[in-house]
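Working notes, structure below.
Nothing in this text is a laboratory measurement; each read-out follows from the coordinates by a stated rule. Keep in mind that this is a model prediction, so the values were computed, not measured. All Cβ positions, glycine included, derive from the backbone under ideal geometry; neighbour counts span all protein chains shown.
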Amino acid sequence: MYQRRNFMAALAAQSFLLATPAVARAKTVLELERQRTGEKFRCEFGRRGLKDKDLTSLNWILRDVSAGAVKSMDIELYEVLARIQAQFSGAPLMIKSGYRTQKTNSSIRGAARRSKHVEGRAVDFTIKGVKTYDLVKVAQANGAGGVGYYPRRGFIHVDTGQERYWRR
Ligand SMILES: [Zn+2]
C-alpha cells in the first residue's frame, strides 16, 4: 500500500509537469531584418502555420527593393528559415536579397539566369555574429534545397529547389 501510494504520488507529479506551460513546445518564431532599408518584422507560427497578415508583411520585407515589386514567396521557404533561426536562439536573419524581378536579377553580375530568387523561392542572408560556414551546415541540416556559400561576401543563399551546393 505504501509503495502504491508513492507510485500514485509520482504519477501525479508527472502529470503536473506535463501540464506546466514551461514544458510546452517552444513557439516557432521568424524574424527578418532587411539590411538595405532597416525594416524588421517578427511573427510566430500558429498551429496552422503563418497568418495571412504575417505572410503579407514577410513578403514585403523580402520584396525586390530596387524594382519596388512584391511577390508571394514560397511558404516552405519561411518554414526553412524559421528552423534555421531556431538553431541560433532566434537571432534575426539579416536579409540581403529576397525576391528579384527578372530585370533586377539580370543586372546582378554572376546571378543565375533561372534564379530561384525570380520564382520567389530563395533568399540571401546572414546572422550577426555567426560564421557563414556554420549557417551553411545548419541550412543543409534543416531542409534547405539549394545552399550557396559566399564566404568573401559573408552570406549564404537558401532556396526550396532541389538539393544543391555551391561556393563562390
Ligand atoms: Zn541567392
Could you tell me what percent of the DSSP beta bridges with both partners in the chain are antiparallel, to the nearest 5? 70 percent
At a 10 angstrom cut-off on C-beta neighbours, averaged per residue, how do the peptides 35-45, 77-87, 58-68, 125-135 rank from highest to lowest? 77-87, 58-68, 125-135, 35-45
Which one, Ala26, Ala112, Ala139, has the greatest fluctuation when you compute a Gaussian network model over the chain with C-alpha springs under 10 angstrom? Ala26
Any lysines whose Cα falls less than 22 Å from that of Lys103, other than same-chain ones fewer than 8 residues away, would be Lys71, Lys116
Show that you can apply the helix-only estimate: for the chain, add -39,500 (n - 2.57) for every DSSP H stretch of four or more residues, divide by all residues, and state [θ] at 222 nm to the nearest 500. -10000 deg cm²/dmol
Testing the spin-label approximation: label points 7 Å from Cα along Cα→Cβ at Thr56 and Arg167. State their distance in nm. 4.4 nm
Using a Förster distance of 22 angstrom, determine the FRET efficiency expected from the C-beta separation of Ala112 and Lys137, and round it to 0.05. 0.45
Could you give me the radius of gyration and the Dmax of the chain, taking only the C-alpha atoms into account and expressing both in angstrom? 20.4, 80
Relative to the compact-globule estimate 2.2 N^0.38 Å (N residues), the Cα gyration radius of region 34-98 stands at a ratio of 1.09
